[in-house]
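Everything on this sheet refers to the single structure shown next.
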Amino acid sequence: MKLTQVIRVFWARRWLFVLVLAATVSAATAYSLLKAKTYVAEVAVLVDAKNTDPVTGTALPQQMLSSIQATQADVISSHNVALKVVDRLQLASEPEMQLQFAQDRDSSGSIRDWLADRLLEKLTVRASHDSSVINLNFEARSPEQAARIANAFADSYIQTSLEMRIDPARRQAVWFDDQLQELRKALQGAQQRLSDYQQQRKIVGTDDRLDVENAKLNEIASQLITAQTAMYDAESRQKQLQQALQKNQIEELPDILGNSLLQSMKADLVRAEGKLAQVSQRYGRNHPENVSAAAEVQTLRAKLTTELTTVQGSINQAAQVARQRVTEALQALEGQKQKILGLKQQRDGLDVLSRDVENTQHAYDAAMQRTSELRLTSRLDQTNIAILNPATPPLKPAGPKVVRNLFLAILIGSFLAAGAALTLELTDRRVRSSADLLDLDDSDGLAVLAEIKGLSLSKPARGRAVVAQAAPALPAIQPAA
């Protein structure tokens, strides 16, 4: 269907068009006039996204403003906040609300939950992406009620924010209190074990005592070196003595040659032997002087032999004493080492117990600090949310909007009227022009001879129209006047 045909249809059925449009506008006007007026109150809430902890002052992770605003908007629109509004305003005890709850067949649960859902249906939360301000709009039948409930939503939101911060802190503080008691017991046990260990081993100052024992060890090691040097010297002298005895050259030993007493005795023996030789040349063997000189020589030889024996014994004794000293020094050195190892073992055990005490002390201090922070947080009654603009009773109603409803009624009514006219035309098609006649299904091969103005034929009567079969030899026929 062409546009001109549509226009002819609308013009032909203009009374239907006007009737449908008037009915739609009348219905919208009646709805706008009869519907109760509603008022919308608005509250502006400022959410300051601080990046520092109010108790410790430490920096918090940076969050995007859009995510913060979206989260806070969800909190405001939560069922928990709506329940707080119901309890704050005591809406569940109002007879009107109880009657509405009883008449509502779809209601389920308690009246508090039903009222909370009703309030959330009339609440609108608008959060800006580039601003920290959140707007709360509530719609009610009276301006005072709208402002009262909007302010109640803002107060309940602030209360919920405080509870969301305080309640977890309280629960954590209780848990940390229990852990603190266990850590205190563990610390006392670690300190008691350390004290018992020190008392059992009589440890006063492990580091100072270990330094003293190390000094003693160094001194004993020095004495051992000296004793070993003396032993090596004594054993060397003893070996020389044995070799001299085997070769019968004992008088050539350095110890003998360096002994002034032996050298003096040897000189006396030489003089006595010389005197005996002189006396033996003068006197006989039995002469008193000869006997006396022989006895003197014999006595000196006996003394020399005794002194040599003494020197030999002295050398052997010196070697034995030197070896004994080395053995004692080795034993003292080994004992000192064992003593130092024992002290080190004690110090290791003491270090383990001391570290246990230190670690437990650190854990206890950390738990104590965290418990103090949580206790302060649980008592904190400040929040980063503030009411920027409280709601006031609106002066003008927000609905119904008569102008908007009329405009929508005209627009919708026009579509409905056009649809009704076209639908009726399709069900009862009329021939309003030659173009309509030519559009008929069984009009192929026909040509319009004349058109009578003001005559409208329905589709069943189209056979009575003034038509003729086109003939190429006939002259053209002008339309009748």
Between residue 275 and residue 309, the FRET efficiency computed from the C-beta separation at R0 = 30 Å comes out, to the nearest 0.05, as 0.75
Under the Karplus relation with 6.51, -1.76 and 1.60 and θ = phi - 60°, whole-Hz ³J(HN,Hα) for the stretch 87-96, x at Gly and Pro, equal 6, 5, 8, 6, 6, 5, 8, 6, x, 4
With a 1.4 angstrom probe the carbon and sulfur portion of accessible area for the stretch 303-441, in percent, totals 56
Long-range amide H partners of residue 388, meaning residues 5 or more apart or on another chain whose placed amide H is closer than 5 Å, are 44, 45, 46
Heavy-atom accessible area of residue 35, protein chains in place, probe 1.4 angstrom, given in Å² to nearest 10, is 90
Under 13 Å by backbone N from the virtual spin label 7 Å along Cα-to-Cβ at residue 201, the residues of the stretch 341-362 are 341-355
Where a ≥ b ≥ c are root eigenvalues of the Cα gyration tensor, a/c under 1.5 meaning rounded, otherwise prolate if a/b exceeds b/c and oblate otherwise, the stretch 155-197 counts as prolate
Distance in nm between residue 163 and residue 145 label points, each 7 Å along Cα→Cβ, equals 2.5
Sorted on mean Cβ neighbours within 10 Å (highest first), peptides 279-288, 336-345, 133-142 come out as 133-142, 336-345, 279-288
If unit charges are put on Cβ atoms (+1 for Lys and Arg, -1 for Asp and Glu) and the dipole of the stretch 255-337 is taken about its Cα centre, the option from 319, 336, 306 lying farthest towards the positive end turns out to be 306
Residue by residue through the stretch 111-117, the couplings from Karplus 6.51 cos²θ - 1.76 cosθ + 1.60 with θ = phi - 60°, in Hz, x for Gly and Pro, are 5, 5, 5, 5, 5, 4, 5
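The values are calculated or read from the model by the stated rules, or taken from the named source; none is laboratory data. Because the structure is a prediction, the values reported are computed rather than measured. Heads up, the Cβs are rebuilt from the backbone with ideal geometry, glycines too, and the neighbour counts pull from every protein chain shown. Note: accessible area is taken over every heavy atom of the protein model, side chains too, but ligands, DNA and RNA are not part of it. Shrake-Rupley method; radii C 1.70, N 1.55, O 1.52, S 1.80 Å.
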